[in-house]
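As structure tokens, the structure follows; a few thoughts come after it.
The values are calculated or read from the model by the stated rules, or taken from the named source; none is laboratory data. All values reported here derive from a predicted model rather than from experimental measurement. Cβ coordinates were reconstructed from backbone atoms using ideal geometry, including for glycine residues, and neighbour counts include every protein chain displayed.
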Amino acid sequence: MTISIKTSAVLRIAACLLGLATLPAAHAASLNACVVEGNAPFSSRDGGAKGLDIEVMQAVAARMGRDLQLTWITVPARGGMGRALKQTVQAGTCELFVGLPETVDGGEDLAERNLVASKPYAAVAYALVVPAASKAKVLADLRTARVGGITATPADLHLLAGGYNRTPYGSVSQMLEAVARGELGGALVWSGRLAETPLPASLRLAQVLREPTLTTRFVIAYRRGDAALGSELDAVLTAFAADGTLDALARKAGFP
């Protein structure tokens, strides 16, 4: 009788354990990311959340098996990006701060805030825009022509260093109008602008210049204490870079 009772108890315990094993797993916590509001073509919620940063974070969260929670923030006029980081990811408002331009000394600035930068998820360059009827394919084809660039930008400095007949402008719209009228042989335009505002039929994209001095890479900041999350994030971004996902998301967002 004693053996029978013990056997019965064991069977009941085993049944309970089996039942627990078949229960659905608990959902992982949402991935909370801070994104800048009104920052098209990177992040905007006009007509719904959209932009490159949103597309990337949706893909990252899906790969991690987590729901994505977006926290929309505004970069303060006073204090700029540094204050935005302090008020958000440093303060624990979100786990990730998306859309941070990578700079030469940016790593040191982040380290002082106990933050770490992820691997880059985007590289935004300058593009050569020419009249639709132009035969120019690359910038070198315009050695004898006037080429526009926004004053004091990397594009302007690139034209100056290359000995081109550069014509500086203060407005992208005015510069593109000059190209359309034939006053310029072409112009160097930041790809982010082209993603936000497609070219008219009178103009076409001739070349994307990916020299390091003309390219801005974007990273995601996270707290140094969240090393496990950072490692997982970098692993996902590395995989996305290798399989073409990041390039595909950039094209989807309109980047040339």
Note on region 159-185: residues surrounded by 15 or more Cβ atoms within 10 Å (Cβ to Cβ) and either in a loop (DSSP other than H, G, I, E, B) or at positive phi (or both) are Y164, L184, G185
Can you spot a residue in region 41-57 that is of a type in the set (K, R) and more than 16 Å from the chain's Cα centre (by Cα)? no
The listed residue being in contact with a strand residue (DSSP E or B) (Cβ under 7 Å, 6 or more places away or on another chain), assigned to a helix (DSSP H, G or I) and more than 16 Å from A33 (Cβ to Cβ), out of L110, L128: L110
Give the residue that is modelled with the highest pLDDT, with candidates limited to residues of region 30-44 that are part of a loop (DSSP other than H, G, I, E, B) and more than 16 Å from A195 (Cα to Cα). E37
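Within region 215-251, which residues are among the polar types (S, T, N, Q) and in a strand (DSSP E or B)?
Of everything in region 215-251, just one residue is among the polar types (S, T, N, Q) and in a strand (DSSP E or B), namely T216.
Being among the charged types (D, E, K, R), at pLDDT below 95 and either surrounded by fewer than 16 Cβ atoms within 10 Å (Cβ to Cβ) or closer than 22 Å to L249 by Cα (or both), is that true of even one residue in region 91-106?
yes
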Restricting attention to region 62-101, which residues are assigned to a loop (DSSP other than H, G, I, E, B) and either under 17 Å from V236 (Cβ atoms) or not assigned by TED's automatic domain parsing to the domain that holds F240 (or both)? G65, R66, D67, E95
Mind checking whether some residue in region 247-256 is in contact with an Asp or Glu (Cβ under 8 Å, 6 or more places away or on another chain), modelled with pLDDT of 95 or more and either hydroxyl-bearing (S, T, Y) or under 26 Å from G82 (Cα atoms) (or both)? no
Could you give me the residue pairs with C-beta distances under 9 Å whose first residue belongs to region 74-97 and is closer than 19 Å to R45 by Cβ, whose second residue is among the aromatic types (F, W, Y) and not in a loop (DSSP other than H, G, I, E, B) wherever it lies, and which are 6+ apart or on separate chains? A84/F97; T88/F97; L96/Y222; F97/Y222
Would you call G254 part of a loop (DSSP other than H, G, I, E, B), loosely packed, with under 14 Cβ neighbours inside 10 Å and either under 14 Å from the mean Cα position of the chain (by Cα) or in contact (Cβ under 8 Å) with a residue 40 or more places away in the chain (or both)? no
Restricting region 131-149 to residues that are assigned to a strand (DSSP E or B) and free of Cβ contacts under 8 Å to residues at least 40 places away in the same chain, the residue that is surrounded by the most Cβ atoms within 10 Å (Cβ to Cβ): G149
Go through region 196-244 and give me each residue that's of a type in the set (A, V, I, L, M, F, W, C) and at pLDDT below 95. none
